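Here's the structure, in structure tokens; my notes come after.
Every read-out reported here was derived from the displayed coordinates using simple, explicitly stated rules and does not represent laboratory data. Nothing here was measured: the structure is a model prediction, and the numbers come from that model. With ideal geometry, Cβ positions are generated from the backbone for all residues, glycine too; neighbour counts draw on all protein chains shown.
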Amino acid sequence: NHYMYNRVKTADEIINIRDSGKILGSTLRLLQQRAVPGITTRELDQIAASELKAHGATGPFLGYNGFKGVLCVSVNNEIVHGVPGLRQLEDGDIVGLDFGVKYSGMITDGAITVAVGTITPRVQRLLTATEEALAEGIAMVRAGARIGDISHAIEQRLKRDRLGIIEDMSGHGVGHELHEDPLILNFGKAGRGPKLEAGMTIAIEPMATLGTKHIYLADDDWTILSTDGSWGAQFEHTVLVTVDGAEILT
Ligand code: MG
């Protein structure tokens, strides 16, 4: 568990986690191009798996609490943790692609939500606002800032578009393990919570819907859905805390 490790990474660990993050970022960009009508969510998972193999990396999601895949693929009203399967993407869908990479012992975590074909302006606003919320959260990161500063910035951006903020899911420390301290909520008060230190690596991941903030677990015991059927988005980066800001690793 996360108490086995210091949250502040060593210089060597930072070199390795940068490499991990590069593999993650390039794979998500490839998956974005391949997320077209007709492709199945399992095919996207297979593309991600072959990218991992090509880079000599492994997928920390695979087997995590029994998860069957290296990639979470969540379509439309599926908010997060969708299991790859035979579902075909359709024109007008949005698909969340949440990916983990382990390379040279270091884990990174990142996600994008992308349009499949042509989406409506309303759904595009969901994607834009959630991606901007991630950027606003990252903008608060620097040594000495508090976790609450990130949470508050994310909440403010999501509220501007009156989105449902998923309060039951959160960001987290990452690096040696997929989920380390601290927890990073997507809402909260500035100036509160643990203080960031240079060398910490954290995954920030706002999740929001066009409707409710309430979610439930599907019968597959993995997929998280919105209770009102509204569509949701997730964007996530692993970032390194530096003395005066953040270095986006993914
Ligand atoms: Mg995460």
Evaluated at q = 0.14, 0.23, 0.31 Å⁻¹: base-10 log I(q)/I(0), Debye formula over Cα of segment 200-248 | -0.51, -0.81, -1.10
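Please work out how much length the chain gains when fully extended from LEU183 to GLN124, using 0.36 nm per residue of separation minus the C-alpha to C-alpha distance, in nm with one decimal.
Values: separation 59, 0.36 × 59 = 21.24 nm, distance 2.84 nm.
Additional length available on full extension: 18.4 nm.
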Vicinal HN-Hα couplings computed from phi for segment 133-141 (Karplus, 6.51 cos²θ - 1.76 cosθ + 1.60; Hz; Gly/Pro x) | 4, 4, 4, 5, x, 5, 4, 8, 6
For segment 134-167, which trypsin sites (Lys or Arg not before Pro) are in a loop by DSSP, counting at most 15 other Cβ atoms within 10 Å?
-> ARG142, ARG162
Computed magnitude of the charge dipole of segment 87-127 (debye, nearest 20; Cβ of K, R +1, Cβ of D, E -1) = 100
Given 37 °C, 0.692 mPa s and a Kirkwood radius over Cα pairs, the Stokes-Einstein diffusion coefficient of segment 70-144 in µm²/s is 234
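With +1 on each Lys and Arg Cβ and -1 on each Asp and Glu Cβ, how big is the dipole of segment 149-250 about its Cα centre, in debye rounded to the nearest 20?
It works out to roughly 620 debye.
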Amide H contacts under 5 Å for ALA145, placed H, 5+ residues apart = LEU196
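Rounded to the nearest 0.05, what FRET efficiency do GLU167 and ARG192 have when you use their Cβ-Cβ distance and R0 = 22 Å?
0.90
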Would you mind estimating how fast segment 97-218 diffuses translationally, via Stokes-Einstein at 20 °C and 1.002 mPa s with the Kirkwood radius over Cα pairs, in µm²/s?
-> 142
Assigned charges on the beta-carbon of Lys, Arg, Asp, Glu; segment 72-181 dipole about Cα centre (debye) | 300
Residue by residue through segment 13-28, which ³J(HN,Hα) values in whole Hz follow from phi under the Karplus form 6.51 cos²θ - 1.76 cosθ + 1.60 (θ = phi - 60°), with glycine and proline marked x?
-> 5, 5, 4, 6, 6, 4, 5, 4, x, 5, 5, 5, x, 5, 5, 5
Once the piece of chain linking GLU90 and GLN33 is laid out straight, how much longer is it, given 0.36 nm per residue of separation minus the C-alpha distance between them?
-> 19.1 nm
Spatially near lysine pairs across the chain, Cα under 16 Å, sequence gap of 8 or more or different chains = 7
For segment 149-161, in residue order, the Karplus 3J(HN,Hα) values (coefficients 6.51, -1.76, 1.60; θ = phi - 60°; whole Hz; Gly and Pro = x) are 5, 5, 4, 5, 5, 5, 4, 4, 5, 5, 5, 4, 9
For the chain, alpha-carbon Rg and Dmax in angstrom = 16.9, 47
Just need the relative contact order of segment 1-94 here, percent rounded to a whole number, with Cα pairs under 8 Å and 6+ apart.
-> 28
Distance in nm between label sites at ARG142 and ASP220, each 7 Å beyond Cα in the beta-carbon direction?
-> 4.3
From DSSP H assignment alone, runs of 4+ in the chain each adding -39500 (n - 2.57), the sum over residues rounded to the nearest 500 puts [θ] at 222 nm at -9500 deg cm²/dmol
Cα coordinate range in segment 1-147, projected on the principal axes (Å, largest first) = 45, 34, 25
Cleavage-rule hits, GluC sites (Glu not before Pro), segment 47-115, DSSP coil, Cβ neighbours within 10 Å at most 16 = GLU90
GLN46 to ASN65: extension gain in nm, 0.36 nm per residue of separation minus the Cα-Cα distance?
-> 4.9 nm
